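Structure record follows, encoded as structure tokens.
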Amino acid sequence: MDKKEDLRIKDTLIEDTFAEAFAMWGTRLIVTAPSLYWARQAGLSATGFAASVIGCGCEAGIEAEIAPDESPDGRPGLSLLFFGGWNDLEKQLAARVGQTIMTCPGSACYSGLSEGEGEVPLGGALRYFGDTYQTSKLVGGKRYWRIPVMDGEFTVADKVPLRRSVGGGNFLILAADEACALSGAENAIRAMREIRGVVMPFPGGVVRSGSKVGSRYKFPGASTNTAYCPTLRPLVKSALPESVHCVLEIVVDGFDEEAVRGAMRVGIEAACAEGVERISAGNYGGSLGPFHFHLRSLFV
Amino acid sequence: MGLLLKMIREPDIPIEAECLNPSAGKLKPSAAARLPVWQGRERAELGDFFSAARMNTEQEEELYIEGNLERVKRIGQNTARGKLVVRGSCGMHTGEGMSGGEIEIHGGVGNWSFCLMSGGVVKIFGGAGAFLAAALPGDARGMRGGAIFVRGGTGWRAAERMRRGLLVVEGMLGEFAGAEMIAGTIVSLGRAMGRLGASMKRGSIVIAGEHEPFLCGFEKSCVYSPAFMPFLWRDLEARGFAAKGARFARAGTKLARWCGDLTSLGKGEILVYER
């Protein structure tokens, strides 16, 4: 595509830039419970405070609801996706499942991936809670643990596979005001949630505190993305045109490039509306992350 | 290419034919006919009792046998891979030491069958004699892995000292099933006879049908709906193992859990449908 040629979707300019994403490990857990309400409580807790690998140890979100006839044990459930570094993810999965899913009434936790590049212990790490009364069972060639708890027992997969994934796909919604930015972001998230194999790990899927690498202080590794803060326009080298007064970012993690690309495409399309001036993306010049999602190429 | 063996002469004295496992399926008929068998202390050849012919099969190591094999012992012994299909009943020690592959028997099996089993899948469409998948005398452990489905009933002491694996019995589960069980799962879809799980330490016995009163070493602990049960049951249904007991596949089905045997370690369980 000719760089000089503007790409617009419903009058919103798609900037000629790219999102830079990173290699991560990812997995899918299936959480079931006696009702969708309790599955959701478990899912929300397990994926809470999992916005960024830097501050939270992993990135996670709810991928989809699972109907009883599609779930492993005939009960309603949710599929949850978790992303992060191998060692961090191993610790985070055991801690989060142990503290938020095992504790949730009636819950059970299965792996939602049949295979990966390797496995990390889950039930195998939690089973000691059973104080020698836990039992293991092989079902379909895979081991599960039944841990006695006060409402009966907690069933959990012994190990879960991890697969190579992509973290940090993103785009920025540059809008005339907060209402337009929020509306665009909400539309984007709604559309992106239809895509399987991705989650948007921030609250409601949206980030308002995008960051840049480095700081004017010595100790933080990252600080506020000054170029996109409208309040700093006269003070810094701003990336915002005059008509933009609010910016929101959407970050997307997925199992592969295609899933992230697909989610970004439908998200951007849905975000473009009156008052959304531009769509941009965050990158570090292309030198840090191996995955580059050029915004305009999403629509070729 | 596999091999088809048809019985041409029923032995008057039982023969020991541990060569009758799927690995024989890749032999030429002439080579298969020369495989050694023992009849008492006399050495004989397979060709003395069976005719052999090539047949088209999916796997290389596939063996099909037809005839009344009740006097043929050790069929399928040490099967590690491939498939064995028997159209007829088998004698004692069938499938002993099986570690993988698949055995399908359209008939019954004699006593002491599938002892020392550690892997693979077995479907028996008739009944089974005593000591199915049990520990051999002097052995500390019975079945160590794999799955056995029996459409008919079993004799006594099935899965005695079972260490791991799955036994599903659609007919009558004989007395002392799961005695001294160490781990694993027994599923009874028909009628479970008395002294079930005597002295079991760990492991699960699931009763989807009728049962005799349990031993006094078992104590009812609670009534609950374990999520694990429909999960397990769906797997059994997918394998074609659970023609009965569909209610176990439904979430919320109430089960009574009996802990036992308290005369032993007591960490085993009998799960029974609670009406």
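Where a number appears in this text, it was derived from the coordinates with a stated rule and is not lab data. In this text the structure is predicted, and so the values were computed from the model without any measurement. Because the Cβ atoms are built from the backbone with ideal geometry, glycine has one as well, and the counts that use them run over all protein chains shown.
Using a ≥ b ≥ c from the Cα gyration tensor of region A:156-300 (square roots of the eigenvalues), is it rounded, prolate or oblate, where a/c under 1.5 gives rounded and otherwise the larger of a/b and b/c decides, a/b for prolate?
Judged from the Cα gyration tensor, region A:156-300 comes out oblate (a/c at least 1.5, b/c at or above a/b).
I need B:V122, A:V53, A:V31 ordered by Cβ neighbour count within 10 Å, fewest first.
Least crowded to most crowded, the residues run A:V53, B:V122, A:V31.
If you split all Cα-Cα distances of chain A into 10 Å bins from zero, what percentages do you get per bin, shortest first?
6, 27, 31, 20, 12, 4, 0
May I ask you to evaluate 6.51 cos²θ - 1.76 cosθ + 1.60, the Karplus curve with θ = phi - 60°, for each residue of region B:144-156 and list the ³J(HN,Hα) values in order in whole Hz, giving x for glycine and proline?
10, x, x, 9, 10, 10, 10, 6, x, x, 10, x, 6
Explain nothing, just the number: dipole magnitude of region A:25-163 about its Cα centre with +1 on each Lys and Arg Cβ and -1 on each Asp and Glu Cβ, in debye rounded to the nearest 20.
Using only the charged Cβ atoms, the result is roughly 220 debye.
Got a sec to turn the phi values of region A:224-232 into Karplus ³J(HN,Hα) couplings, 6.51 cos²θ - 1.76 cosθ + 1.60 with θ = phi - 60°, whole Hz, x for Gly and Pro?
With coefficients 6.51, -1.76 and 1.60, one gets 4, 6, 4, 5, 10, 8, x, 5, 9 Hz.
If you stretched the chain out fully between B:E66 and B:K28, how much longer would it get, using 0.36 nm times the residue separation minus the C-alpha to C-alpha distance?
Between B:E66 and B:K28, full extension yields an extra 11.9 nm.
In nm, give the distance between the simple-model label positions of A:D131 and A:L288, each being 7 Å from the Cα along the Cα-to-Cβ direction.
Roughly 4.7 nm, to one decimal.
What is the list of residues in region A:175-201 whose amide nitrogen lies under 18 Å from a point 7 angstrom out from the Cα of A:L44, following Cα to Cβ?
A:190, A:200-201
In this model, which of B:K123/B:K244; B:K28/B:K73; B:K28/B:K83 are farther than 21 Å apart at the alpha-carbon?
Distance filter (> 21 Å) returns B:K28/B:K73.
What is the helix-to-structure angle for A:178-192, meaning the angle in degrees between its Cα long axis and the longest Cα principal axis of chain A, kept from 0 to 90 and rounded to the nearest 10?
Helix A:178-192 and the main axis of chain A meet at about 50 degrees.
Fewest Cβ neighbours within 10 Å first, please rank A:T155, A:T17 accordingly.
Listed from fewest to most nearby Cβ atoms, that is A:T17, A:T155.
Using the Cα atoms of region B:108-273 to build a convex hull, what is its mean projected area in square nanometres?
Computed as one quarter of the Cα hull surface, the answer is 7.9 nm².
Helix A:86-96 against the longest principal axis of chain A: what's the angle in degrees, Cα atoms only, rounded to the nearest 10?
Relative to chain A, helix A:86-96 is tipped by roughly 60 degrees.
For helix B:228-238, what angle does its Cα long axis make with the longest principal axis of chain B, in degrees from 0 to 90 and rounded to 10?
The answer is roughly 30 degrees.
Which Cα, out of B:A242, B:A24, B:G67, lies furthest along the positive dipole direction of chain B (beta carbon charges, K/R +1, D/E -1)?
B:A242
Is the shape of region B:31-118 best called rounded, prolate or oblate, per the rule: a/c under 1.5 gives rounded, else a/b larger than b/c gives prolate, else oblate, with a ≥ b ≥ c the square roots of the Cα gyration tensor eigenvalues?
rounded
Evaluate E = 1/(1 + (r/R0)^6) for B:R250 and B:A140, where r is the Cβ-Cβ distance and R0 equals 35 Å; express this FRET efficiency to the nearest 0.05.
0.35
In what order do A:T135, A:T231, B:T253 fall by count of nearby beta-carbon atoms within 10 Å, going from fewest to most?
Least to most surrounded, the residues fall as A:T231, B:T253, A:T135.
Once Rh for region A:25-163 is found with the Kirkwood sum over Cα pairs, what is the Stokes-Einstein diffusion coefficient at 10 °C and 1.306 mPa s, in µm²/s?
Using the Kirkwood radius from Cα pairs, D works out to 109 µm²/s.
What residues have an amide H closer than 5 Å to that of B:A177, excluding those fewer than 5 places away on the same chain, when H is modeled at 1.01 Å from N in the peptide plane?
B:R157, B:A158, B:G197
Once you put a point 7 Å from the Cα of B:R41 and another 7 Å from the Cα of A:S223, both along the Cβ direction, what distance in nm separates them?
It is 9.6 nm.
Which percent of Cα pairs goes in each bin when the distances of the protein assembly as shown are cut into 20 angstrom slices starting at zero?
19, 37, 26, 15, 2, 0
Under 8 Å for C-alpha pairs, at least 6 residues apart: give me the relative contact order for region A:25-163, rounded to a whole percent.
It comes to 27 percent, rounded to a whole number.
For the modelled label position 7 Å from the Cα of A:K142 along Cα-to-Cβ, which residues of region A:160-174 have backbone nitrogen atoms closer than 12 Å?
A:160-162
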